[in-house]
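Since the structure comes first, as structure tokens, the remarks are kept for the end.
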Amino acid sequence: MNRVIRNYAGLTITCIVGVSFVLIFEAASKSFSSLTLILALFTFASVVAAAMMIAWAAEASQYSISQGLALAIVAIVQTLPEFFVEGAIAWNAGKDPVGWLPNVTANFTGANRLLTGLGWPLILFTAMLSKSGNKRSGLHVIALRKEQSIEVVFMLGATLYYVLIWLRGSLEIVDTIVLLAAFLGYLWMLSRLPSEREDPQAVLDASPRAIVDLRTRKHRIVAILGLFSFSGLVFVFISTPFVDSINTIAVTLFGAGAGFFFIQWIAPFLSEFPEKVTAFHWARKVNLAPMALLNFVSSAVNELTALVAIIPIVFALSVGAIGPVSLTAHKDEVLLTMAQSLYACVCLMDLKYDVRNALLLFGLWLVSTAFVETRFAISIIFLFASLAEVIIQRRRITVFSALKESLQQYFSRHS
């Protein structure tokens, strides 16, 4: 118990120190100096600390609600830094469209492609290299349960909606309405599933398990809500200086064009770092590899729906008028994100994720990241790969029948 107390105390102190530093030196995030580097370090440390605490709280919550909903909450709170980062960028874009509008596209496309192109494959690779007893796991396929088809189908639907966004070349309030409705429907469906029955002693580490072991349900709820509230408040203070300091450092050291690259890859990687730590920890325990993959699928759904839905709202508040958020300068980025996400969804049409899928996703993501000029071509390859995958799996596509069975099993009895 002493170790658990030290864990929470250490993260809390890190957050308080980071916020204090921001309140004193926030101006350093906008003009480069030695303080800018220190500020970036403190904001990153605070983001990681706050995200770890809400991740622990959300992991513990799956023993009171369905695992699917709990993992969706885990994904939401783990990507909460990403929401604040995207919100800060959209706000800056309203005030300074020339300097910041391209970064709106950079952040949400980079965040999603990092998840499916790097995160998903590494989950399987981690599980393959992990040990089961004294031997390598030999795990080459991660299989999801039938009720987990909900996440896959919603991710597929959100991905296909991006065809309209790409054709239009802008984000509008109507997209906010559609994507938020999809996100809320997704959470509602997950809330109808049964709570997790696995032994928390086998699944959870000491810190989240300490919440589950609290004496009463009231104490658990207070602890979970307290961690959520505290960490959310930290993000309110940290997010804008975090984004500004990264952009200032990138532009100063590498030139004006570097801002887009850093916002697309470095900012999402840093803000999603706690999420990846948690998921890879689960992947090391072979029996929890499906939970790790599902965590990333849930995160992808969050980013494709709720994360993008906030952009037109924040942009309108910043500008002072409702209007479209132009994506035309980087339509290829949107196309590639949609195509890569589509292939990722198609890989799970049989509710199984194998080495072939992981290698192709990782390989094409790596090429498109290293060689920017290939991105349109890689988009076309992903689209053809999706078609080929559907043909290969045509006799094994079970995601829609699994969704139907889940709806009948968990919804009809409650209607």
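The values are calculated or read from the model by the stated rules, or taken from the named source; none is laboratory data. Just so it is clear, the model here is predicted, and its values are computed rather than measured. Cβ: placed from backbone, ideal geometry, glycine included. Neighbour counts: every protein chain shown. When the accessible area is computed, the model is the full protein with side chains, heavy atoms only, and any ligands, DNA or RNA have been set aside. Shrake-Rupley method; radii C 1.70, N 1.55, O 1.52, S 1.80 Å.
Out of everything in region 381-410 that is among the polar types (S, T, N, Q) and exposed (fewer than 13 other Cβ atoms within 10 Å of the Cβ), what residue ends up being nearest to LEU364 (Cα to Cα)?
SER401
Which one of ILE177, ILE150 is open to solvent by 20 Å² or more (accessible area, probe 1.4 Å), at pLDDT 85 or above and among the aliphatic types (A, V, I, L, M)?
The conditions single out ILE177.
Every residue, every condition in (1) farther than 20 Å from THR116 by Cα; (2) without any contact (Cβ under 8 Å) to a residue 60 or more places away in the chain; (3) more than 25 Å from the chain's Cα centre (by Cα), yes or no:
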position	(1), (2), (3)
SER326	yes, no, no
VAL334	no, no, no
LEU348	no, no, no
VAL355	no, no, no
ALA385	no, yes, no
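Going by what's in this entry, would THR43 be described as over 22 Å from the mean Cα position of the chain (by Cα), assigned to a helix (DSSP H, G or I) and modelled with pLDDT of 75 or more? Steps first, please.
Values: over 22 Å from the mean Cα position of the chain (by Cα): no; assigned to a helix (DSSP H, G or I): yes; modelled with pLDDT of 75 or more: yes.
Spelling it out, it is not the case that THR43 is over 22 Å from the mean Cα position of the chain (by Cα), assigned to a helix (DSSP H, G or I) and modelled with pLDDT of 75 or more.
How many residues are closer than 14 Å to VAL234 by Cα and either open to solvent by 70 Å² or more (accessible area, probe 1.4 Å) or not in a helix (DSSP H, G or I) (or both) when one looks only at region 1-16?
Counting residues in region 1-16 that are closer than 14 Å to VAL234 by Cα and either open to solvent by 70 Å² or more (accessible area, probe 1.4 Å) or not in a helix (DSSP H, G or I) (or both) gives 2.
Out of all the residues in region 198-214, which are in a loop (DSSP other than H, G, I, E, B), charged (D, E, K, R) and either at pLDDT 80 or above or surrounded by 13 or more Cβ atoms within 10 Å (Cβ to Cβ) (or both)?
GLU198, ASP205, ASP213
Given (1) within 24 Å of the chain's Cα centre (by Cα); (2) surrounded by 17 or more Cβ atoms within 10 Å (Cβ to Cβ), identify the lone condition not met by VAL372.
(2)
The conditions are (1) open to solvent by less than 10 Å² (accessible area, probe 1.4 Å); (2) farther than 20 Å from MET155 by Cα, and LEU336 fails exactly one of them. Which is it?
Single failed check for LEU336: (2).
Determine whether region 162-175 contains at least one residue that is of a type in the set (Val, Ile, Thr), farther than 23 Å from SER379 by Cβ and assigned to a helix (DSSP H, G or I).
Taking every residue of region 162-175 in turn, at least one turns out to be of a type in the set (Val, Ile, Thr), farther than 23 Å from SER379 by Cβ and assigned to a helix (DSSP H, G or I).
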